[in-house]
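In what follows, a structure is listed as C-alpha coordinates, so that the remarks can point back to it.
The values are calculated or read from the model by the stated rules, or taken from the named source; none is laboratory data. Fair warning: this is a prediction, and the values are worked out from it, not measured in the lab. Glycine gets a Cβ as well: all are built from the backbone with ideal geometry, and neighbour counts include every protein chain shown. Side chains included, ligands, DNA and RNA excluded: accessible areas come from the protein's heavy atoms. Shrake-Rupley method; radii C 1.70, N 1.55, O 1.52, S 1.80 Å.
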Amino acid sequence: METAHACENGTMLELERLRANPLQLGLARLVEASQYAEAGRVADALDALERALQERCRYRRDWLEQDPRLASLHPLPRFQDIVRRADARYAEDAAAARPHLMFALPDDLPDAFGYPLLVALHGNNANARVTAPHWSTLADARWVVAVPQSSEIGMTPEAYTWNDRERVVTEITAHIDRVKRATQVDVGRIVLAGFSMGGLQAIALALTRRVKVRGVILVGAWIPRGDELRDLVEGGAGKMLRVYLVVGDQDPSYARTQELFDLLSRHGVRAHIDVRPGLGHEHPADMADTLSRAAGFVTAP
(Lines give C-alpha, C1' and ligand atoms only; values in the text may rest on other atoms or scores of the structure.)
Protein backbone atom coordinates (compact mmCIF):
# COMPACT_ATOMS: atom_id res chain seq x y z
CA MET A 1 0.00 0.00 0.00
CA GLU A 2 1.43 3.40 -0.95
CA THR A 3 1.43 5.58 2.15
CA ALA A 4 2.75 8.97 3.21
CA HIS A 5 5.76 9.16 5.51
CA ALA A 6 7.38 12.57 5.88
CA CYS A 7 8.57 15.17 8.31
CA GLU A 8 5.94 17.20 10.15
CA ASN A 9 5.65 19.99 7.56
CA GLY A 10 5.79 17.50 4.70
CA THR A 11 3.09 15.39 6.33
CA MET A 12 0.81 18.42 6.68
CA LEU A 13 1.22 19.18 2.98
CA GLU A 14 0.62 15.53 2.14
CA LEU A 15 -2.52 15.50 4.29
CA GLU A 16 -3.93 18.53 2.46
CA ARG A 17 -3.21 16.84 -0.88
CA LEU A 18 -4.97 13.67 0.24
CA ARG A 19 -8.00 15.59 1.52
CA ALA A 20 -8.36 17.23 -1.89
CA ASN A 21 -8.88 13.84 -3.58
CA PRO A 22 -12.11 12.06 -2.60
CA LEU A 23 -10.56 8.68 -3.46
CA GLN A 24 -7.81 9.31 -0.89
CA LEU A 25 -10.23 9.95 1.99
CA GLY A 26 -9.41 6.71 3.79
CA LEU A 27 -5.69 7.38 3.66
CA ALA A 28 -6.24 11.01 4.70
CA ARG A 29 -8.17 9.90 7.79
CA LEU A 30 -5.42 7.43 8.66
CA VAL A 31 -2.71 10.10 8.34
CA GLU A 32 -4.85 12.47 10.42
CA ALA A 33 -5.30 9.84 13.15
CA SER A 34 -1.58 9.08 13.17
CA GLN A 35 -0.73 12.77 13.60
CA TYR A 36 -3.05 13.03 16.58
CA ALA A 37 -1.72 9.79 18.08
CA GLU A 38 1.90 10.87 17.79
CA ALA A 39 1.00 14.21 19.40
CA GLY A 40 -0.59 12.43 22.36
CA ARG A 41 -4.12 13.47 21.38
CA VAL A 42 -5.57 9.99 21.78
CA ALA A 43 -9.27 10.94 21.80
CA ASP A 44 -8.86 13.00 18.60
CA ALA A 45 -7.03 10.13 16.93
CA LEU A 46 -9.82 7.70 17.77
CA ASP A 47 -12.43 10.22 16.62
CA ALA A 48 -10.64 10.51 13.25
CA LEU A 49 -10.79 6.75 12.79
CA GLU A 50 -14.43 6.70 13.86
CA ARG A 51 -15.24 9.37 11.25
CA ALA A 52 -13.53 7.22 8.65
CA LEU A 53 -15.82 4.32 9.45
CA GLN A 54 -18.87 6.59 9.31
CA GLU A 55 -17.70 7.60 5.82
CA ARG A 56 -17.55 3.90 4.88
CA CYS A 57 -13.77 3.71 4.73
CA ARG A 58 -12.34 0.28 5.35
CA TYR A 59 -9.04 -0.91 6.80
CA ARG A 60 -7.55 -4.35 7.16
CA ARG A 61 -6.71 -5.32 10.72
CA ASP A 62 -2.96 -5.40 10.06
CA TRP A 63 -2.98 -1.89 8.54
CA LEU A 64 -4.12 -0.53 11.89
CA GLU A 65 -2.55 -2.91 14.38
CA GLN A 66 0.87 -2.88 12.71
CA ASP A 67 1.05 0.87 12.12
CA PRO A 68 3.77 2.18 14.48
CA ARG A 69 2.33 5.69 14.30
CA LEU A 70 -0.79 4.38 16.06
CA ALA A 71 1.18 2.55 18.79
CA SER A 72 -0.27 4.64 21.60
CA LEU A 73 -3.77 3.50 20.61
CA HIS A 74 -3.09 -0.23 20.35
CA PRO A 75 -3.93 -1.24 23.96
CA LEU A 76 -7.18 0.77 24.11
CA PRO A 77 -10.53 -1.09 24.03
CA ARG A 78 -12.07 1.61 21.81
CA PHE A 79 -9.26 1.20 19.29
CA GLN A 80 -9.71 -2.58 19.28
CA ASP A 81 -13.43 -2.10 18.63
CA ILE A 82 -12.67 0.22 15.71
CA VAL A 83 -10.19 -2.34 14.33
CA ARG A 84 -12.79 -5.10 14.54
CA ARG A 85 -15.44 -3.08 12.72
CA ALA A 86 -13.00 -1.74 10.10
CA ASP A 87 -11.68 -5.22 9.33
CA ALA A 88 -15.20 -6.64 9.05
CA ARG A 89 -16.18 -3.93 6.57
CA TYR A 90 -13.00 -4.53 4.56
CA ALA A 91 -13.74 -8.25 4.39
CA GLU A 92 -17.34 -7.63 3.33
CA ASP A 93 -16.43 -5.10 0.62
CA ALA A 94 -13.51 -7.22 -0.62
CA ALA A 95 -15.77 -10.24 -1.04
CA ALA A 96 -18.19 -8.19 -3.13
CA ALA A 97 -15.55 -6.58 -5.41
CA ARG A 98 -15.18 -7.79 -9.00
CA PRO A 99 -12.74 -6.92 -11.82
CA HIS A 100 -14.09 -4.27 -14.15
CA LEU A 101 -13.05 -3.14 -17.62
CA MET A 102 -13.70 0.01 -19.61
CA PHE A 103 -12.54 0.14 -23.21
CA ALA A 104 -12.78 2.50 -26.19
CA LEU A 105 -12.92 1.33 -29.80
CA PRO A 106 -11.80 3.40 -32.81
CA ASP A 107 -14.39 4.55 -35.31
CA ASP A 108 -12.27 3.33 -38.24
CA LEU A 109 -11.88 -0.28 -39.29
CA PRO A 110 -8.64 -2.06 -38.33
CA ASP A 111 -5.82 -2.69 -40.77
CA ALA A 112 -5.04 -6.19 -42.02
CA PHE A 113 -3.36 -7.18 -38.74
CA GLY A 114 -5.99 -5.76 -36.40
CA TYR A 115 -6.03 -2.87 -33.96
CA PRO A 116 -3.08 -2.11 -31.70
CA LEU A 117 -4.14 -2.46 -28.05
CA LEU A 118 -3.21 -0.25 -25.11
CA VAL A 119 -3.96 -1.67 -21.64
CA ALA A 120 -3.62 1.13 -19.06
CA LEU A 121 -3.55 0.40 -15.33
CA HIS A 122 -4.77 3.02 -12.84
CA GLY A 123 -2.67 3.97 -9.83
CA ASN A 124 -3.35 2.79 -6.31
CA ASN A 125 -6.41 4.32 -4.63
CA ALA A 126 -7.99 5.18 -7.97
CA ASN A 127 -10.41 3.51 -10.39
CA ALA A 128 -11.08 3.05 -14.09
CA ARG A 129 -13.65 5.84 -14.28
CA VAL A 130 -11.25 8.60 -13.23
CA THR A 131 -8.31 7.06 -15.11
CA ALA A 132 -9.83 6.32 -18.51
CA PRO A 133 -9.97 9.95 -19.74
CA HIS A 134 -6.17 10.23 -19.45
CA TRP A 135 -5.65 7.35 -21.90
CA SER A 136 -8.73 7.09 -24.13
CA THR A 137 -7.61 9.78 -26.60
CA LEU A 138 -5.42 7.14 -28.24
CA ALA A 139 -8.61 5.62 -29.67
CA ASP A 140 -8.64 8.59 -32.08
CA ALA A 141 -5.38 7.19 -33.49
CA ARG A 142 -7.03 3.81 -34.25
CA TRP A 143 -6.00 2.07 -31.04
CA VAL A 144 -8.23 0.00 -28.80
CA VAL A 145 -7.80 1.42 -25.30
CA ALA A 146 -8.60 -0.87 -22.36
CA VAL A 147 -8.63 0.47 -18.80
CA PRO A 148 -9.02 -2.32 -16.24
CA GLN A 149 -10.14 -1.72 -12.68
CA SER A 150 -8.61 -3.94 -10.03
CA SER A 151 -10.82 -6.00 -7.75
CA GLU A 152 -8.40 -5.35 -4.87
CA ILE A 153 -10.13 -2.68 -2.80
CA GLY A 154 -8.46 0.34 -1.25
CA MET A 155 -9.23 2.22 1.94
CA THR A 156 -11.87 4.50 0.42
CA PRO A 157 -15.12 3.42 -1.26
CA GLU A 158 -14.64 3.27 -5.05
CA ALA A 159 -10.83 3.15 -4.64
CA TYR A 160 -8.85 0.14 -5.84
CA THR A 161 -5.21 -1.00 -5.72
CA TRP A 162 -2.75 -3.19 -7.62
CA ASN A 163 -0.63 -4.56 -4.75
CA ASP A 164 -1.17 -8.30 -5.32
CA ARG A 165 0.99 -9.33 -8.32
CA GLU A 166 -0.70 -12.69 -8.85
CA ARG A 167 -4.13 -11.06 -8.89
CA VAL A 168 -2.82 -8.49 -11.38
CA VAL A 169 -1.59 -11.23 -13.73
CA THR A 170 -4.89 -13.13 -13.55
CA GLU A 171 -7.07 -10.08 -14.11
CA ILE A 172 -5.00 -8.44 -16.86
CA THR A 173 -4.72 -11.71 -18.79
CA ALA A 174 -8.50 -12.18 -18.57
CA HIS A 175 -9.15 -8.60 -19.68
CA ILE A 176 -6.87 -8.94 -22.72
CA ASP A 177 -8.61 -12.17 -23.69
CA ARG A 178 -11.96 -10.41 -23.34
CA VAL A 179 -10.88 -7.59 -25.66
CA LYS A 180 -9.55 -10.11 -28.19
CA ARG A 181 -12.96 -11.77 -28.24
CA ALA A 182 -14.72 -8.44 -28.67
CA THR A 183 -12.68 -7.10 -31.58
CA GLN A 184 -9.74 -7.78 -33.89
CA VAL A 185 -6.45 -7.16 -32.03
CA ASP A 186 -2.94 -7.22 -33.46
CA VAL A 187 -1.14 -9.43 -30.91
CA GLY A 188 2.17 -7.99 -32.10
CA ARG A 189 1.14 -4.50 -30.99
CA ILE A 190 -0.12 -4.97 -27.43
CA VAL A 191 1.23 -2.31 -25.07
CA LEU A 192 0.97 -2.20 -21.30
CA ALA A 193 0.83 1.18 -19.60
CA GLY A 194 0.18 2.52 -16.14
CA PHE A 195 0.36 5.34 -13.65
CA SER A 196 2.05 5.07 -10.24
CA MET A 197 1.58 1.51 -8.88
CA GLY A 198 -0.09 0.61 -12.16
CA GLY A 199 3.15 1.60 -13.87
CA LEU A 200 5.22 -0.63 -11.62
CA GLN A 201 2.97 -3.59 -12.30
CA ALA A 202 3.04 -2.90 -16.06
CA ILE A 203 6.85 -2.98 -16.29
CA ALA A 204 7.05 -5.97 -13.94
CA LEU A 205 4.55 -8.01 -15.97
CA ALA A 206 6.39 -7.19 -19.19
CA LEU A 207 9.86 -7.99 -17.85
CA THR A 208 8.74 -11.26 -16.26
CA ARG A 209 6.88 -12.11 -19.48
CA ARG A 210 3.77 -12.90 -17.47
CA VAL A 211 1.97 -10.87 -20.14
CA LYS A 212 3.43 -10.78 -23.68
CA VAL A 213 3.60 -7.20 -24.95
CA ARG A 214 5.44 -5.11 -27.52
CA GLY A 215 6.16 -2.20 -25.23
CA VAL A 216 5.47 -0.38 -21.99
CA ILE A 217 4.44 3.22 -21.29
CA LEU A 218 4.97 4.43 -17.73
CA VAL A 219 3.64 7.71 -16.34
CA GLY A 220 4.80 8.66 -12.84
CA ALA A 221 5.54 4.99 -12.14
CA TRP A 222 6.10 4.06 -8.51
CA ILE A 223 9.56 2.49 -8.53
CA PRO A 224 10.38 0.86 -5.17
CA ARG A 225 13.71 0.11 -3.60
CA GLY A 226 14.83 -3.44 -4.20
CA ASP A 227 16.43 -5.70 -6.72
CA GLU A 228 13.46 -7.13 -8.62
CA LEU A 229 13.59 -4.93 -11.72
CA ARG A 230 17.39 -4.71 -11.72
CA ASP A 231 17.80 -8.49 -11.54
CA LEU A 232 15.31 -8.98 -14.38
CA VAL A 233 16.99 -6.46 -16.67
CA GLU A 234 20.51 -7.65 -15.85
CA GLY A 235 19.33 -11.21 -16.54
CA GLY A 236 18.39 -10.23 -20.08
CA ALA A 237 14.68 -9.57 -19.71
CA GLY A 238 13.31 -6.83 -21.89
CA LYS A 239 15.71 -7.14 -24.81
CA MET A 240 12.77 -7.11 -27.24
CA LEU A 241 10.81 -4.47 -25.33
CA ARG A 242 10.48 -0.75 -25.93
CA VAL A 243 9.90 1.35 -22.81
CA TYR A 244 8.73 4.97 -22.70
CA LEU A 245 8.96 6.66 -19.29
CA VAL A 246 7.21 9.92 -18.41
CA VAL A 247 8.07 11.50 -15.04
CA GLY A 248 8.00 14.94 -13.45
CA ASP A 249 11.17 16.25 -11.83
CA GLN A 250 9.08 16.94 -8.70
CA ASP A 251 7.73 13.38 -8.56
CA PRO A 252 9.01 11.37 -5.54
CA SER A 253 9.93 8.57 -7.98
CA TYR A 254 11.92 10.85 -10.30
CA ALA A 255 15.37 9.66 -9.20
CA ARG A 256 14.42 5.99 -9.34
CA THR A 257 12.77 6.43 -12.74
CA GLN A 258 16.01 7.96 -14.01
CA GLU A 259 17.91 5.01 -12.53
CA LEU A 260 15.54 2.58 -14.26
CA PHE A 261 16.07 4.35 -17.60
CA ASP A 262 19.85 4.19 -17.16
CA LEU A 263 19.62 0.49 -16.26
CA LEU A 264 17.49 -0.31 -19.30
CA SER A 265 19.79 1.65 -21.61
CA ARG A 266 22.96 -0.04 -20.27
CA HIS A 267 21.48 -3.46 -21.01
CA GLY A 268 20.31 -2.81 -24.54
CA VAL A 269 16.63 -2.18 -23.90
CA ARG A 270 15.30 0.52 -26.20
CA ALA A 271 14.01 3.16 -23.80
CA HIS A 272 13.18 6.85 -23.77
CA ILE A 273 12.69 9.11 -20.76
CA ASP A 274 10.46 12.18 -20.97
CA VAL A 275 11.20 14.39 -17.95
CA ARG A 276 8.69 17.18 -17.22
CA PRO A 277 9.98 20.21 -15.29
CA GLY A 278 7.72 21.20 -12.41
CA LEU A 279 5.45 18.15 -12.66
CA GLY A 280 4.72 16.20 -9.48
CA HIS A 281 3.07 12.82 -9.06
CA GLU A 282 0.36 13.32 -11.66
CA HIS A 283 -0.49 12.89 -15.32
CA PRO A 284 0.91 15.63 -17.58
CA ALA A 285 -1.59 18.18 -18.90
CA ASP A 286 -0.73 17.30 -22.51
CA MET A 287 -1.50 13.63 -22.06
CA ALA A 288 -2.94 13.22 -25.57
CA ASP A 289 0.24 14.46 -27.26
CA THR A 290 2.37 12.50 -24.78
CA LEU A 291 0.53 9.29 -25.61
CA SER A 292 0.89 9.87 -29.32
CA ARG A 293 4.66 10.17 -29.01
CA ALA A 294 4.90 7.25 -26.60
CA ALA A 295 2.78 4.94 -28.75
CA GLY A 296 4.88 5.77 -31.79
CA PHE A 297 8.08 4.99 -29.92
CA VAL A 298 7.04 1.65 -28.42
CA THR A 299 5.56 0.28 -31.65
CA ALA A 300 8.28 1.50 -34.04
CA PRO A 301 10.03 -1.22 -36.11
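So, G238, is that one open to solvent by less than 30 Å² (accessible area, probe 1.4 Å) and within 18 Å of the chain's Cα centre (by Cα) or not? Show your work before the answer.
Working: open to solvent by less than 30 Å² (accessible area, probe 1.4 Å): yes; within 18 Å of the chain's Cα centre (by Cα): no.
So G238 does not fit the description; no.
Taking only pairs six or more apart or across chains, which ones have beta-carbon atoms under 9 Å, a first residue in the stretch 282-297 that is open to solvent by 10 Å² or more (accessible area, probe 1.4 Å), and a second residue that is assigned to a loop (DSSP other than H, G, I, E, B) and not small (G, A, S)?
Pairs found: E282/D251; A285/L279.
Among the candidates G236, G188, G226, which residue alone is farther than 30 Å from G280 by Cβ and either β-branched (V, I, T) or assigned to a loop (DSSP other than H, G, I, E, B) (or both)? Give the steps one after another, and end with the answer.
Details: G188 fails: either β-branched (V, I, T) or assigned to a loop (DSSP other than H, G, I, E, B) (or both); G226 fails: farther than 30 Å from G280 by Cβ.
The unique qualifying residue is G236.
How about the stretch 132-157: which of its residues are of a type in the set (S, T, Y) and within 18 Å of A202 (Cα to Cα)? Write out each step before concluding.
Taking the stretch 132-157 first, the residues of a type in the set (S, T, Y) are 136-137, 150-151, 156.
Selection gives S136, S150, S151.
Kindly list the number of the only condition in (1) of a type in the set (D, E, K, R); (2) open to solvent by 40 Å² or more (accessible area, probe 1.4 Å); (3) more than 18 Å from the chain's Cα centre (by Cα) that fails for R256.
Result: R256 fails condition (3) only.
Could you look through the stretch 144-175, keep only residues that are among the aliphatic types (A, V, I, L, M) and within 17 Å of C57 (Cβ to Cβ), and pick out the one that is surrounded by the most Cβ atoms within 10 Å (Cβ to Cβ)? Working first, answer last.
So in the stretch 144-175, the residues among the aliphatic types (A, V, I, L, M) come out as 144-147, 153, 155, 159, 168-169, 172, 174.
Remaining after also requiring within 17 Å of C57 (Cβ to Cβ): 153, 155, 159.
Values: I153: 21, M155: 26, A159: 24.
Only one residue tops the list, namely M155.
Can you tell me how many residues in the stretch 40-88 are in contact with a helix residue (DSSP H, G or I) (Cβ under 9 Å, 6 or more places away or on another chain) and either part of a loop (DSSP other than H, G, I, E, B) or small (G, A, S) (or both)?
18
Among the residues of the stretch 210-229, write down those that are among the aliphatic types (A, V, I, L, M) and open to solvent by less than 20 Å² (accessible area, probe 1.4 Å).
Pass one, the stretch 210-229, residues among the aliphatic types (A, V, I, L, M): 211, 213, 216-219, 221, 223, 229.
Answer for the stretch 210-229, where residues must be among the aliphatic types (A, V, I, L, M) and open to solvent by less than 20 Å² (accessible area, probe 1.4 Å): V211, V216, I217, L218, V219, A221, I223, L229.
Does I190 count as in contact (Cβ under 8 Å) with a residue 12 or more places away in the chain and either out of contact with any helix residue (DSSP H, G or I) (no Cβ under 8 Å at 6 or more places or on another chain) or under 20 Å from N125 (Cβ atoms) (or both)?
Working: in contact (Cβ under 8 Å) with a residue 12 or more places away in the chain: yes; either out of contact with any helix residue (DSSP H, G or I) (no Cβ under 8 Å at 6 or more places or on another chain) or under 20 Å from N125 (Cβ atoms) (or both): no.
The answer is no for I190.
Among the listed residues L207, L232, L245, which satisfies the condition of being buried (at least 21 other Cβ atoms within 10 Å of the Cβ), over 25 Å from T137 (Cα atoms) and in contact with a helix residue (DSSP H, G or I) (Cβ under 9 Å, 6 or more places away or on another chain)?
Details: L232 fails: buried (at least 21 other Cβ atoms within 10 Å of the Cβ); L245 fails: over 25 Å from T137 (Cα atoms).
After applying the criteria, what remains is L207.
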